[in-house]
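Trainee: Pasting in a structure now, in structure tokens, and then I'll have a few things to ask.
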Amino acid sequence: MDLNNEPIGQCSYEMDIKKEPIGQCSYQIDLNEEPPVGHTSLLEEIPTIFHPYIMRIQNVRGDGNCGFQSMTVCLGYDEDQWLYVRQQLLDELLSSYDDYARVFSGCEEVLNSLSFSESPTPKEYWMLMPETRVLISNRFGVILHFLTNEGPITFFPLWRGPEELQYHHVLTISLVYDDHYVMVRLEGEYPMPPISALWIRHKPTKPHQQLDGKLCISRV
């Protein structure tokens, strides 16, 4: 897996903020049309402070696997490979179950949410946040931005300092309409969302390099 490569061949909706929308194959919300009744536009579901830095929003199918599909797209895979991401996160949890049980409560609920492999997916098997973002950062060695209008947040890999990662890759997903996830690409010197209190509580104990309030990283 090369996180520096652009995703190719995704069967999903892709939106370049600076260009006309391209590539419609399977998606829940068509950005060329009016949003669903009772909903705002997709962009309005993302905190306005990040709007100047959004280069792309990529929607995925709304079949209950959207959280895993959006992560799959972030990692550079086709959205249809969401089961691979599910399995990787399940393996991560099982490989260090006792450690994760000390980090967050409800490990059994997270385990149950990952133990499904069909589409469409019942609600009890949807991506469970905020717990799953811990698994994402640790398994793939990435910095994860999670954007919501209720409060964006940043999560770093646990148990590993920045000097242990060859590259500082940043992935961004956003929760929209309260129950749907999309991939977002941020570029430029955007304001970093606050660091998760969960990460601060359980962060590596070895000395860390100071970031001086800025992220000098390779973004995906």
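Trainee: Describe numerically, in nm with one decimal, the distance between label points set 7 Å from Cα along Cα→Cβ at Asn149 and at Ile49.
Mentor: 1.6 nm
Trainee: Still on this structure: Ordering Leu83, Leu158 by how much accessible area each has at a 1.4 Å probe, largest first, what is the list?
Mentor: Leu83, Leu158
Trainee: Compute, for Ser174, the solvent-accessible surface of its heavy atoms (probe 1.4 Å) with the complete set of protein chains present, and express it in square angstrom to the nearest 10.
Mentor: 0 Å²
Trainee: Right, next: Got a sec to turn the phi values of the range 144-151 into Karplus ³J(HN,Hα) couplings, 6.51 cos²θ - 1.76 cosθ + 1.60 with θ = phi - 60°, whole Hz, x for Gly and Pro?
Mentor: Along the range 144-151, the couplings run 10, 9, 10, 9, 8, 6, 7, x Hz.
Trainee: Moving on. How would Tyr97, Tyr190 rank on accessible area, largest to smallest, probe 1.4 Å? Spell out each step's value before the answer.
Mentor: On the way: Tyr97 55, Tyr190 20 Å².
Most to least solvent-accessible, the answer reads Tyr97, Tyr190.
Trainee: Taking amide hydrogens as modeled 1.01 Å from N in the peptide plane, which residues meet the under 5 Å criterion relative to Gly76, leaving out close sequence neighbours?
Mentor: For Gly76, no residues qualify.
The values are calculated or read from the model by the stated rules, or taken from the named source; none is laboratory data. Fair warning: this is a prediction, and the values are worked out from it, not measured in the lab. Positions of Cβ are generated from backbone atoms using ideal geometry, with glycine treated the same way; all protein chains shown enter the neighbour counts. In case anyone asks, the SASA skips ligands and DNA or RNA and just uses the protein heavy atoms, side chains included. Shrake-Rupley method; radii C 1.70, N 1.55, O 1.52, S 1.80 Å.
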